[in-house]
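The values are calculated or read from the model by the stated rules, or taken from the named source; none is laboratory data. It should be emphasised that the depicted structure is a prediction, and the values quoted were computed from it without experimental measurement. With ideal geometry, Cβ positions are generated from the backbone for all residues, glycine too; neighbour counts draw on all protein chains shown.
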Amino acid sequence: MEVNHLNWYNTKLREFLTPDEVKAVMQKSDLRAALEVLSMWLWIAFAFALVGFYPNVFTVIIALFILGGKQLACAILLHDYYKTWSSIAHITASIICIPASTMTRT
């Protein structure tokens, strides 16, 4: 028997959150979207600065984990923009996040 995962997710979500809390979490916000993109790029800059100021194997490994996570975060934000972002935030994210998601393509 096939399970509808969206219904399962909504059921589990409502076990822990009230309808008002779900509405608040799902509310579209240009400010929140812009802060997410800014936060991502600050982490990316931090990873490069960390290796630049303290070049050794351990900082490179830490930076690689940070960069990998933030690359995934950029991809997720671009993929899910239609659910959580308004059109202005989507345009901004497309301009700012696409370079990060294409850096490692061969």
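Among the residues of region 1-36, those identified as at pLDDT below 80, surrounded by 11 or more Cβ atoms within 10 Å (Cβ to Cβ) and under 16 Å from the mean Cα position of the chain (by Cα) are K28, S29, D30, R32, A33, A34. A search for C-beta distances below 7 Å between a residue of region 12-33 that is touching a residue at least 12 places away in the same chain (Cβ under 8 Å) and of a type in the set (G, A, S) and any residue that is surrounded by 13 or more Cβ atoms within 10 Å (Cβ to Cβ) and outside any helix (DSSP H, G or I), counting only pairs 6+ apart in sequence or on different chains, returns A33/W85.
Taking T84, is it modelled with pLDDT under 85 and among the hydroxyl-bearing types (S, T, Y)?
Numbers: modelled with pLDDT under 85: yes; among the hydroxyl-bearing types (S, T, Y): yes.
In short, yes.
Pairs linking a residue in region 35-46 that is within 13 Å of F65 (Cα to Cα) to a residue that is at pLDDT below 90 and surrounded by 16 or more Cβ atoms within 10 Å (Cβ to Cβ), with Cβ atoms under 8 Å and 6 or more positions apart or on different chains, are W43/K70; I44/K70; I44/A100.
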